[in-house]
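Everything below concerns the one structure shown next.
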């Protein structure tokens, strides 16, 4: 593991405003709430409304802490921490507190991959299998050679969603990445056919970066990205010597979560501080800071932010970055969410503006709300657009209704990494859909929706592989009507809290002759 040097402290000594001077543990309802006061922009009146909103949301949503950072025109203009990074250790949050990033790990991993492209070690349009060893992607729904580095970066490779968490207080650990690829690296859609957000894809990209660098993922990221950009409070997991800076992760009831990791490090494993993350965002705004290496040229940075796969009329995904063009402003960046994590990084290139908001709990809408408040304060037309924006009505579910093309029995298999299991769907004339997996009891398909030729539904059953059987789970189906068949994925999704996994199997069904 590479060693991480701590950043030299800024000249001023951090002071703390204690909102309630009471010598009690932070678990009390009357606990003191620390706010970092001697930091860049801590007294800037432009952010008074945002500070008030943060303090209100900490109370309303029971947030342990919030750290923010803002940069514009090549300078950091505000960074500040609020609340407790670690309630048990009485550790206040500040701009150097390292938060678990969740999916903001993806832009970091994408940056490493594009650096390897720049160095001639990776071809964007080569099959990912060219860079994998014996454990290669399997083309069940399409040609695996069409699953290129580019398609994985923009989530159109055909790989499934996939997530798998491994907690320190449990007795099983993450398998080697080769095992995960052999078990779950199956194309469940044809490459290029559709956008399918895939943690597995980014786990594979991180694995490729490590393989090419002959290093672990953590050391590859340190060598390729963190050190060259001067990100001294950023690491995969909690780097050695950085333990004191790491924020604990909490559930919605402010209970600390045990430390956890994944079998998709490149998608989810990075920790970073608000100060480091805003510097990373500035690099992607092409505001290159003194001491930062030009690991990517400006043309490559533009390529990463260009919309490649489109989810709807105004939202797209590039190479590691979401983007949209709404409210009169082009924006790109990424958000992250998982147990004990909610994060956002937004870049507004026309305004040369970047905003970062980090918390150490999940299940809250506070993070995007704070980001909108900050951006609206700096860009009046954006604030006016948000104020005038009516909340859109909730889109009605496109529930399945029986049609002659579906009524009847569809039989086939569910393919797990250990073998195939018979699967049957029976579309009834009254709209019910019966489902039977292997020798398990026949049951009903629940919440069946039909969206753009895709059947989306759930049912109670058990996928019979050892990893899926570790916890109670339901089965989530996403099946597409293709060439007279229903094909797609069945995901074993653990139903217990905190989250554990979504593990995919490949499904193919054919309608029986009537």
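What the table below lists for this structure:
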| read-out | value |
| --- | --- |
| Enumeration of residues in segment 261-294 that are more than 22 Å from residue 247 (Cα to Cα), surrounded by 18 or more Cβ atoms within 10 Å (Cβ to Cβ) and touching a helix residue (DSSP H, G or I) at 6+ places or on another chain (Cβ under 7 Å) | 284, 285 |
| Boolean, residue 130 is modelled with pLDDT of 95 or more, at negative phi and not in a helix (DSSP H, G or I) | no |
| Some residue of segment 480-495 being touching a helix residue (DSSP H, G or I) at 6+ places or on another chain (Cβ under 6 Å), touching a residue at least 24 places away in the same chain (Cβ under 8 Å) and surrounded by 19 or more Cβ atoms within 10 Å (Cβ to Cβ) | yes |
| Enumeration of residues in segment 266-280 that are closer than 16 Å to residue 115 by Cα and either assigned to a loop (DSSP other than H, G, I, E, B) or in contact with a strand residue (DSSP E or B) (Cβ under 8 Å, 6 or more places away or on another chain) (or both) | 280 |
| Selected residue [farther than 29 Å from residue 320 by Cα and not in a strand (DSSP E or B)] from 41, 83 | 41 |
| For residue 462: the one exception among (1) buried (at least 17 other Cβ atoms within 10 Å of the Cβ); (2) touching a helix residue (DSSP H, G or I) at 6+ places or on another chain (Cβ under 8 Å); (3) not in a strand (DSSP E or B) | (1) |
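The values are calculated or read from the model by the stated rules, or taken from the named source; none is laboratory data. From a predicted model like this one, the values you see are computed outputs, not experimental measurements. Backbone-built Cβ (ideal geometry, glycine too); neighbour counts: all protein chains shown.
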